[in-house]
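First up is the structure itself, then whatever we jot down about it.
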Amino acid sequence: MVIVTENCGKCKYTDCVDVCPADAFREGKTMLVINPDECVRCTACIPECPVGAIFTVGELASDNAGKQRAEKWAAINRKFSALWPTITKIKKTEQSQSDSCKSTRKAQ
Ligand code: SF4
Ligand code: SF4
């Protein structure tokens, strides 16, 4: 399972959405999540995220703390992907980014 985690908060740069072949992303007010039933686990979105918010459950769960974090965010992705609308179009606009996301990108 591929999941979006807390690092995505308020970043709507949505590079991840641009590469998804399955339209698996869902859009909330402050973050995106991935619908596990639609995701084909290609992992194309992982390197596209500028703030390192996307992981496979396996890579996140390398120790006990990571396992708990993976379980928590897997549940959040599953729950909210059933409630939030699909996002298929990238939103690369200055307005759509939070200040923290912009500064993170500049620092990289
Ligand atoms: S690129 Fe990363 S931080 Fe930006 S919307 Fe996608 S998952 Fe969130
Ligand atoms: S792993 Fe592939 S199919 Fe799943 S959300 Fe990322 S880009 Fe889309």
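Is it true that Arg41 is without any contact (Cβ under 8 Å) to a residue 60 or more places away in the chain, within 14 Å of ligand 2 (Cβ to nearest atom), crowded, with 16+ Cβ neighbours inside 10 Å and charged (D, E, K, R)? Criteria not met by Arg41. Considering only residues that are in a loop (DSSP other than H, G, I, E, B) and under 11 Å from Ser81 (Cβ atoms), which ones fall in segment 2-60? The answer is Ala24, Gly28, Asn35, Pro36, Asp37, Glu38, Cys39. Could you go through segment 54-74 and let me know if any residue there is of a type in the set (A, V, I, L, M, F, W, C), in contact (Cβ under 8 Å) with a residue 24 or more places away in the chain and under 17 Å from Ile90 (Cβ atoms). Yes, there is a match, as at least one residue in segment 54-74 is of a type in the set (A, V, I, L, M, F, W, C), in contact (Cβ under 8 Å) with a residue 24 or more places away in the chain and under 17 Å from Ile90 (Cβ atoms).
Is segment 64-86 home to any residue that is assigned to a loop (DSSP other than H, G, I, E, B) and near ligand 2 (Cβ under 9 Å from one of its atoms)? Within segment 64-86 (the criterion being assigned to a loop (DSSP other than H, G, I, E, B) and near ligand 2 (Cβ under 9 Å from one of its atoms)), the answer is no, since none of the residues qualifies. Residues that are modelled with pLDDT of 95 or more and among the aliphatic types (A, V, I, L, M) were ranked within segment 44-54; the one that is farthest from ligand 2 (Cβ to nearest atom) is Ala53.
The values are calculated or read from the model by the stated rules, or taken from the named source; none is laboratory data. From a predicted model like this one, the values you see are computed outputs, not experimental measurements. Cβ coordinates were reconstructed from backbone atoms using ideal geometry, including for glycine residues, and neighbour counts include every protein chain displayed.
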